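Working notes for the structure below.
The values are calculated or read from the model by the stated rules, or taken from the named source; none is laboratory data. On a predicted model such as this, the values are computed, not experimentally measured, just so you know. When we count neighbours, we look across all protein chains shown, and the Cβ atoms used for this are built from the backbone with ideal geometry, even at glycine.
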Amino acid sequence: MSLRTERVASEIQKVLSRKLLKTPAFLTILEVEMSPDLTSAKIYFSLFGSEAQCKQTLDFLEQEKKALRMEVGRQIKLRLTPELNWIRDNTPERADRIHQLLK
């Protein structure tokens, strides 16, 4: 990844982290990965909370996808605002499941 794509990814992570503070489940943005042409961003995130809270948060992310993209475009001056692709990281759930199986 080039220095510019890393800087843009870092700025997108900051903007989204500030904007998503009040979701029903505790949402953590783990990493933002930019395409080389800066037209799309993969946002890796994890959720902590009850199943109902996680479902509400996932629904919120889907409903507010356009608004979040507009917020990124407003705060970060780029020629094109990148498409936001949300990818949930299930590592904590898998680790807990493995831990339970090993017990």
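When the residues of the range 47-78 are narrowed to those that are among the polar types (S, T, N, Q) and surrounded by fewer than 17 Cβ atoms within 10 Å (Cβ to Cβ), which ends up farthest from V15 (Cα to Cα)? If we take residues in the range 47-78 being among the polar types (S, T, N, Q) and surrounded by fewer than 17 Cβ atoms within 10 Å (Cβ to Cβ), then S50 is farthest from V15 (Cα to Cα). Taken together, the residues in the range 79-88 that are more than 17 Å from T23 (Cα to Cα) and surrounded by 15 or more Cβ atoms within 10 Å (Cβ to Cβ) amount to 3.
Can T39 be described as modelled with pLDDT under 95, crowded, with 17+ Cβ neighbours inside 10 Å and hydroxyl-bearing (S, T, Y)? It is false that T39 is modelled with pLDDT under 95, crowded, with 17+ Cβ neighbours inside 10 Å and hydroxyl-bearing (S, T, Y).
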